[in-house]
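The numbers here are math on the coordinates, done by the rules we state, and not lab data. All values reported here derive from a predicted model rather than from experimental measurement. Don't worry about glycine lacking a Cβ; one is built from the backbone with ideal geometry, like all the others, and counts go over all protein chains shown.
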Amino acid sequence: MSNLNLRPRQFDLIAFDWDGTLFDSTAIITRCIQRAVVDVGGKEPTQEAASYVIGMALMQALAHAAPDVPVEKYPALGERYRHHYMAHQNDLILFEGVLPMLAALKSRHHWLTVATGKSRKGLNEALHDVELKGAFDGSRTADETAGKPSPLMLQELMREFGVEPERTLMIGDTTHDLQMALNAGCASVGVSYGAHEPSAFHELKPLYVAHSVADLQKWLLENA
């Protein structure tokens, strides 16, 4: 970005959460968590409890959603979740408008990255399956850094690209995403169409809450 005319207005680095923000997977993940807990003998978590943990690292999420499942069953719990998720992997789709939004941001010379609670293997498979190779300049996953709301994913991305916190924007659908941004000293934008009710976002000080991908793109092109 040697040409100053090409610098974005406010943010050089934009980090997106994956599930529920770019990828329309919230309902399927919720069902997979519920089924996995029942499979290992736990009480089925409510839809609200199961969707709340989306964005956390897998084992952290499952432990939170299934407090009555003993620790020694966590490996089996993880295996059953992966079993159900893989069975529905082809059901997952990008939210409408995501690809044009990413292309518009790319044309403005933002660095685009992903900061997700998914595993590295899971993210790589998703990026490949939806033909998004090359759309992102970098990514971090919970299993190679730390789960949200730890700031480590964002801190590593900022170091990789040499970008300061005040020039970094995190976009996500959960309080975990927005808390991670706050912990890293970064700005955030919430989206209301994912896993968490946006009423919980206010205290985490997002710059904006978008109600659709089109709304998000409009805000980003005008303000980011």
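Here are the numbers:
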quantity	calculated
Trypsin sites (Lys or Arg not before Pro), loop per DSSP, at most 16 other Cβ atoms within 10 Å - longest free stretch of the chain	134-224
Acute angle (nearest 10 degrees) that the helix 213-223 long axis makes with the longest principal axis of the chain, alpha-carbon atoms	30
Candidate lysines - alpha carbon under 21 Å from Lys118, same-chain residues fewer than 8 apart omitted	Lys73, Lys133, Lys148
Mean separation of Cα contacts under 8 Å, 6 or more apart, over the residue count of the chain: relative contact order %	25
For the chain, size of Cβ-based charge dipole, Lys and Arg +1, Asp and Glu -1, in debye	340
More than 16 angstrom apart: percent of Cα pairs within the stretch 129-224	58
Neighbour-count order for Val38, Val191, Val209, fewest beta carbons within 10 angstrom listed first	Val38, Val209, Val191
Rounded, prolate or oblate (a/c below 1.5 giving rounded, otherwise prolate when a/b exceeds b/c) for the chain by Cα gyration tensor	prolate
Low-density loop positions, GluC sites (Glu not before Pro), the stretch 123-224 - DSSP coil, at most 10 other Cβ in 10 Å	Glu131
Reciprocal of mean inverse Cα separation for the stretch 26-91 (Kirkwood radius, Å)	11.3
Tensor-based shape of the stretch 54-169 (alpha-carbon gyration tensor, a/c under 1.5 rounded, otherwise prolate or oblate)	oblate
Folded to 0 to 90 degrees: helix 120-129 orientation relative to the chain principal axis, Cα	70
